[in-house]
Amino acid sequence: MLTKGDDFPIHQLSSPVSEVGTSRNFYDRYFFNGYSKDGKIYFAAAMCIYPNLNIIDAAFTISFDGFQHNCRASRVLNEERLNTKVGSIDLTVIEPLEKIGLKVNDENAGISADIIFEGIFKMMQEPKMIMYNGPRLVMDTFRGVQHGKWKGEINLKGKIFNLQGLDIIGVRDRSWGVRPVGLADSQPVVPFEVPQFYWLWCPMQFKDSAVQIHFVDDENGRLINGNSVIQSKNKNDDEFLINLRKKVKYQSNSRRVKELFIFAEKDNGNEVEIKMTPKSKNFMCGIGYMHPEWGHGHYKGENETFYDLYDLSDDPHHPPFLHIQSFCNVTFKNDGNSHDGFGVLEELIIGPHKPSGFKDLFDKANAD
């Protein structure tokens, strides 16, 4: 089927843009977050297209004063991938790789926003993520990450947040490829194995630089996918680090990270040290990740919206609430200098992980 995208020079196959291959799990996603440097305000958004499910969905969440407000939307794609408006949520590419606009107008929730993300640092390419379940390919994804700042306004039930005045910073990513979406597989791979996924994603900003680090470990703690990059505001070449390591302290009786210490080396042999201290959490199921009803790629109808609310004083330690992003204070030691900054720590820790002492699907740390 021909769509508006076919009038742009973006083809990579001898097929219309609407055809993306054979996997039902192909996805194409925008993600954003923003936060104040005192950690009192956090918001995030996601919008994703699933061409082979013919669905587009989006969500916007904002955490303030102890509660997380979630606006959700889903509709039939009708194969038109350039129509990026879903219910009350509308996304616009203003300047590719530089500026993205986001509008929200959820009258039932009493939440609206007219905001723009502006890149301070250039878009950085992460290593591809490829993962198998036995012989079956379950993830084959690309992601670009960009640190930036926000401008515009958010109205949360009559309370106005001016993002420039609050100096709101954040990060966005663009990812696409194949990953599990929509309904669960009707015939999983045999024999059954306990699921295992250890994920720490750590974007952070400082006065003149940004650092992007992530860890994907196997059950023995071996790093199977990782990245460690320092960027400067003048958008010169990225500085890639080597010999990436970590030390994790967990909150007692949980899988929540209490402190994360990161170590790496520069090409000149100098050691880089980072300490991330989580201060407040936000549930990623608020924008669809692992949500049982409003999960990514689920068919909800022709054009549906939904609002719900989480009390952040409650912290369920089970799906879908295992996946979180936490606002963090960060200390960065580099070339003999110490820099204070801010960032988010995204964590999703499921199944065994020997260095952490986790042996089962959801068992918890016994002590700090």
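The values are calculated or read from the model by the stated rules, or taken from the named source; none is laboratory data. Note that the structure is a prediction, hence the values are computed from the model and not measured. Cβ sites come from the backbone with ideal geometry, for glycine too, and all protein chains shown count toward neighbours.
Here's the yes/no breakdown for (1) of a type outside the set (S, T, N, Q); (2) under 21 Å from the mean Cα position of the chain (by Cα); (3) on the phi > 0 side of the Ramachandran plot:
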{"site": "Lys247", "(1), (2), (3)": "yes, no, no"}
{"site": "Glu259", "(1), (2), (3)": "yes, yes, no"}
{"site": "Ile262", "(1), (2), (3)": "yes, yes, no"}
{"site": "Thr277", "(1), (2), (3)": "no, yes, no"}
{"site": "Asn282", "(1), (2), (3)": "no, yes, no"}
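Mind checking whether some residue in the range 164-171 is over 29 Å from Val229 (Cβ atoms), of a type in the set (A, V, I, L, M, F, W, C) and in a loop (DSSP other than H, G, I, E, B)?
No, every residue in the range 164-171 fails to be over 29 Å from Val229 (Cβ atoms), of a type in the set (A, V, I, L, M, F, W, C) and in a loop (DSSP other than H, G, I, E, B).
Among the residues of the range 131-146, is any outside any strand (DSSP E or B), in contact (Cβ under 8 Å) with a residue 40 or more places away in the chain and on the phi < 0 side of the Ramachandran plot?
There is at least one residue in the range 131-146 that is outside any strand (DSSP E or B), in contact (Cβ under 8 Å) with a residue 40 or more places away in the chain and on the phi < 0 side of the Ramachandran plot.
With the requirement that a residue be under 16 Å from Val344 (Cα atoms) and either acidic (Asp, Glu) or free of Cβ contacts under 8 Å to residues at least 24 places away in the same chain (or both), what does the range 218-262 give you?
Answer for the range 218-262, where residues must be under 16 Å from Val344 (Cα atoms) and either acidic (Asp, Glu) or free of Cβ contacts under 8 Å to residues at least 24 places away in the same chain (or both): Glu259, Phe261.
Is it the case, given these coordinates, that Gly34 is at negative phi and under 17 Å from the mean Cα position of the chain (by Cα)?
Considered against the rule, which asks whether it is at negative phi and under 17 Å from the mean Cα position of the chain (by Cα), Gly34 comes out as yes.
Within the group Gly286, Gly269, Gly336, which residue is small (Gly, Ala, Ser) and at pLDDT 95 or above?
After applying the criteria, what remains is Gly286.
Go through the range 80-129 and count every residue that is outside any loop (DSSP other than H, G, I, E, B) and either free of Cβ contacts under 8 Å to residues at least 40 places away in the same chain or not acidic (Asp, Glu) (or both).
Result for the range 80-129: 28.
I'd like the residue in the range 301-319 that is touching a Phe, Trp or Tyr at 6+ places or on another chain (Cβ under 7 Å) and either among the hydrophobic types (A, V, I, L, M, F, W, C) or buried (at least 17 other Cβ atoms within 10 Å of the Cβ) (or both) and, out of all such residues, is farthest from Phe67 (Cα to Cα).
Phe306
Where the second residue is surrounded by fewer than 12 Cβ atoms within 10 Å (Cβ to Cβ) and the first is among the hydroxyl-bearing types (Ser, Thr, Tyr) and lies in the range 290-315, which pairs have Cβ atoms under 8 Å and are six or more apart or on separate chains?
Short answer, once both residue conditions are applied: Thr305/Asn108; Tyr307/Asn108; Ser313/Gly66.
Give the residues of the range 194-207 that are assigned to a strand (DSSP E or B) and either acidic (Asp, Glu) or surrounded by fewer than 21 Cβ atoms within 10 Å (Cβ to Cβ) (or both), sorted by residue number.
Phe197, Trp199 - these are the residues of the range 194-207 that are assigned to a strand (DSSP E or B) and either acidic (Asp, Glu) or surrounded by fewer than 21 Cβ atoms within 10 Å (Cβ to Cβ) (or both).
Hey, which of the strands (runs of 3 or more DSSP E) in the range 262-335, taking only ones fully inside, have at least 3 residues that are β-branched (Val, Ile, Thr)?
Per the criteria, 271-283, 324-334.
Condition first: at pLDDT 95 or above, surrounded by 12 or more Cβ atoms within 10 Å (Cβ to Cβ) and either assigned to a loop (DSSP other than H, G, I, E, B) or at positive phi (or both). Can you find one or more residues in the range 220-237 that meet it?
The answer is yes, given that some residue of the range 220-237 is at pLDDT 95 or above, surrounded by 12 or more Cβ atoms within 10 Å (Cβ to Cβ) and either assigned to a loop (DSSP other than H, G, I, E, B) or at positive phi (or both).
Here's the yes/no breakdown for (1) out of contact with any Pro (no Cβ under 7 Å at 6 or more places or on another chain); (2) buried (at least 18 other Cβ atoms within 10 Å of the Cβ):
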{"residue": "Pro278", "(1), (2)": "yes, yes"}
{"residue": "Asn282", "(1), (2)": "yes, yes"}
{"residue": "Met290", "(1), (2)": "no, no"}
{"residue": "Ser326", "(1), (2)": "no, yes"}
{"residue": "Pro352", "(1), (2)": "yes, yes"}
{"residue": "Phe358", "(1), (2)": "no, yes"}
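Filter the range 238-261 down to the residues that are in a strand (DSSP E or B) and among the charged types (D, E, K, R) and list them by number.
Selection gives Glu239, Arg245, Lys246, Lys247, Lys249, Lys258, Glu259.
Which one of the conditions (1) in contact (Cβ under 8 Å) with a residue 40 or more places away in the chain; (2) not in a strand (DSSP E or B) does Ala184 fail to meet, given that it meets all the rest?
For Ala184, the exception is condition (1).
What tally of residues in the range 179-193 results from selecting those that are surrounded by fewer than 19 Cβ atoms within 10 Å (Cβ to Cβ) and touching a strand residue (DSSP E or B) at 6+ places or on another chain (Cβ under 9 Å)?
Count: 6.
Counting just the residues of the range 323-368 that are touching a strand residue (DSSP E or B) at 6+ places or on another chain (Cβ under 6 Å) and of a type in the set (A, V, I, L, M), which one comes out nearest to Ile230 (Cα to Cα)?
Looking at residues that are touching a strand residue (DSSP E or B) at 6+ places or on another chain (Cβ under 6 Å) and of a type in the set (A, V, I, L, M), I get Val330.
Can we say Asp363 is buried (at least 16 other Cβ atoms within 10 Å of the Cβ), more than 16 Å from the chain's Cα centre (by Cα) and charged (D, E, K, R)?
Against the criterion (buried (at least 16 other Cβ atoms within 10 Å of the Cβ), more than 16 Å from the chain's Cα centre (by Cα) and charged (D, E, K, R)), Asp363 does not qualify.
State all residues of the range 239-262 that are surrounded by 15 or more Cβ atoms within 10 Å (Cβ to Cβ) and of a type in the set (D, E, K, R); if no residue qualifies, say none.
Once the filter is applied, which keeps residues that are surrounded by 15 or more Cβ atoms within 10 Å (Cβ to Cβ) and of a type in the set (D, E, K, R), the range 239-262 yields Glu239, Lys246, Arg255, Arg256, Glu259.
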